[in-house]
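Chemist: Please find one structure pasted underneath; my questions will follow.
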Ligand SMILES: CC(C)(COP(=O)(O)OP(=O)(O)OC[C@H]1O[C@@H](n2cnc3c(N)ncnc32)[C@H](O)[C@@H]1OP(=O)(O)O)[C@@H](O)C(=O)NCCC(=O)NCCS
């Protein structure tokens, strides 16, 4: 299935790929550094836990050469296809970071990790002996990267830098449900922007957890939107019971960014960590 029409795709285009000139790195707010705590040592992942790691441009770009040496030939090919150096460097850094984080949990050399890809591009780890696998999801926006990991169930994470979206009215009309449209239209302009990103990241986190990605089903994934309210998956194609099998968490990894995590379980506990440079080589001397 194709991704839906270009208005929805444009949401990510300005900050994710191919638009370096519009958002030079210096445009990042100085407080875009994550406020999540840095753990004293790389933590173990207990069965009832989800870990979400956040890394900003400073942690990533300066370590980019170390990250680069762990990438596969396929990842290097993808990196070389970026038009702008900054986008290529960020791609290398986030894929190196992902390998570094997964390598820690799997006790593997980051360079030795192989990925498989589902039909719509979702990367996954092969299922190990005994049916065990590590689930993960990656998202990035304007230099900030989130990596979510669980040993128990599929999950999806999404992050967006909050910024005016000129086409937001068209996006809402087309990709949000009638109920969501009514809720948004009752809000002030400032609340509407936050509610829009709450809605977008929550829907996308769910669709990344299922592996579907941005799809025609977007309006059928109904989520809570209101600023300050709890994150909830309300209905999937009108079905509240199907939605109740999922939990949504809102994430505030850094000032000016909104994120969401979707997980098909209700009883997992969440730890949010900031990735520091000191972990780059901890435990693995390559
Ligand atoms: C997955 C998707 C929602 C990413 O959206 P985004 O907001 O631009 O980017 P994010 O940073 O949040 O996520 C990107 C990461 O999600 C992961 N990803 C890719 N496809 C995925 C999918 N179908 N499901 C879950 N995760 C996916 C990858 O790790 C990717 O990282 P990479 O681009 O550095 O390899 C979007 O690419 C999508 O809808 N894909 C579905 C398949 C599709 O439509 N393909 C057509 C394009 S060829």
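A short reminder: the numbers here are calculations on the coordinates, not readings from a lab. What you see is a predicted model, and the numbers here were worked out from it, not measured in a lab. As a convention, Cβ positions derive from the backbone with ideal geometry for all residues, glycine included, and neighbour counts pool all protein chains shown.
Chemist: Per the Cauchy relation, a quarter of the hull surface: what is the mean projected area of the convex hull of the alpha carbons in the chain, in nm²? Spell out each step's value before the answer.
Modeler: Values: hull surface 59.1 nm².
Dividing the Cα hull surface by four gives the mean projection, 14.8 nm².
Chemist: State, as an integer percentage, the relative contact order of the chain based on alpha-carbon contacts under 8 Å between residues 6 or more apart.
Modeler: Numbers: 514 pairs, mean separation 69.1, N = 286.
Answer for the chain is 24 percent.
Chemist: Another question, then. Roughly how many whole Å is it from the C-alpha centroid of the stretch 132-157 to that of the stretch 47-74?
Modeler: 12
Chemist: Expressed as an acute angle from 0 to 90° and rounded to the nearest 10, what is the orientation of the C-alpha long axis of helix 6-16 relative to the principal long axis of the chain?
Modeler: For 6-16 against the chain, the angle is about 40 degrees.
Chemist: Still on this model: For the stretch 93-112 and the stretch 174-192, write down the distance between their C-alpha centroids in whole Å.
Modeler: Here the answer is 40 Å between Cα centres.
Chemist: Once the Cα atoms of helix 85-106 and of the chain are each reduced to a long axis, what angle between those two axes, in degrees from 0 to 90 to the nearest 10, is obtained?
Modeler: With rounding to tens, the tilt is 70 degrees.
Chemist: Here's another thing I want to ask about it. Choose one answer from 38, 214, 116: the residue with the largest mean-square fluctuation in a GNM of the chain with alpha-carbon springs under 10 Å.
Modeler: Of the options given, 116 has the highest mean-square fluctuation.
Chemist: Here is a follow-up. Under 12 Å from the 7 Å Cα→Cβ point of residue 117, by amide nitrogen: which residues of the stretch 125-165?
Modeler: It comes to no residues whatsoever.
Chemist: Suppose R0 equals 41 Å; then what is the FRET efficiency for residue 132 and residue 62 from their Cβ-Cβ distance, rounded to the nearest 0.05? Kindly include the intermediate steps, with their values, before the conclusion.
Modeler: Values: r = 35 Å, r/R0 = 0.85.
Using R0 = 41 Å, I get an efficiency of 0.75.
Chemist: Let me ask you something else. Between 106, 251, 144, find the one with the highest GNM mean-square fluctuation for the chain; connect C-alpha pairs within less than 10 Å.
Modeler: Result for the chain, Cα springs under 10 Å: 106 fluctuates most.
Chemist: For a quick check, take a GNM of the chain with Cα springs below 10 Å and name the residue from 266, 199, 256 with the largest mean-square fluctuation.
Modeler: Its mean-square fluctuation being the largest, the pick is 266.
Chemist: Could you work out how far helix 189-210 tilts from the main Cα principal axis of the chain, as a 0 to 90 degree angle to the nearest 10?
Modeler: Tilt of helix 189-210: around 60 degrees.
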